[in-house]
Amino acid sequence: SSWCLMLVFNIFSFHSKVGDPHPGQPYKGGNFCAFLPDNRDGQKTAMLLKKAFERGLTFQIKSCNGEERVTWGLIPHKTSWDGGKARNGYPDAQYLREVCTVL
């Protein structure tokens, strides 16, 4: 059996800041999960994703049905452990290389 790393992001609802699409407007947070293989490349990628999160690059605020909400940003994350590339999961032989290029 293979092990995986699961990254969990709990984003609280809040008011947007200067630089966001609608400063001062409330936005809805959410719970987000991403998966990486638990090997050297997966652990290295996890550290890069952590740096990206700390720099505010992981999520963005988008307007959806008249409501401002937090969504994934431009950095691709695997949100499922299985199902293949079509279901945003594994196996996907190119994912770690692709995400590291983006990071």
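The values are calculated or read from the model by the stated rules, or taken from the named source; none is laboratory data. All of these numbers come straight from a predicted model, not from anything done at the bench. Cβ placement follows ideal geometry from the backbone for every residue including glycine, while neighbour counts extend to all protein chains displayed. Accessible surface areas use protein heavy atoms only, side chains included; no ligands, DNA or RNA. Shrake-Rupley method; radii C 1.70, N 1.55, O 1.52, S 1.80 Å.
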message = Yes or no: the range 25-32 includes at least one residue that is basic (Lys, Arg), out of contact with any Lys or Arg (no Cβ under 8 Å at 6 or more places or on another chain) and not in a helix (DSSP H, G or I).
response = no
request  = Taking GLY73 as the residue in question, decide whether it is of a type outside the set (D, E, K, R) and under 11 Å from the mean Cα position of the chain (by Cα).
outcome  = yes
query = In the range 55-83, which residues are open to solvent by 30 Å² or more (accessible area, probe 1.4 Å), without any contact (Cβ under 8 Å) to a residue 24 or more places away in the chain and not charged (D, E, K, R)?
reply = GLY56, LEU57, GLN60, CYS64, ASN65, GLY66, THR71, GLY83
query = Restricting the first residue to the range 90-103 and requiring it to be within 17 Å of TRP3 (Cβ to Cβ), which pairs with a second residue that is aromatic (Phe, Trp, Tyr) and in a loop (DSSP other than H, G, I, E, B) meet a Cβ separation below 7 Å and a spacing of at least six or different chains?
reply = TYR90/TRP81
task = Can you tell me which residue among ALA86, ALA46, ALA52, ALA93 is outside any loop (DSSP other than H, G, I, E, B), small (Gly, Ala, Ser) and open to solvent by 90 Å² or more (accessible area, probe 1.4 Å)?
result = ALA86
ask   = Out of all the residues in the range 33-43, which are part of a strand (DSSP E or B) and in contact with a Cys (Cβ under 7 Å, 6 or more places away or on another chain)?
value = PHE35, LEU36, PRO37
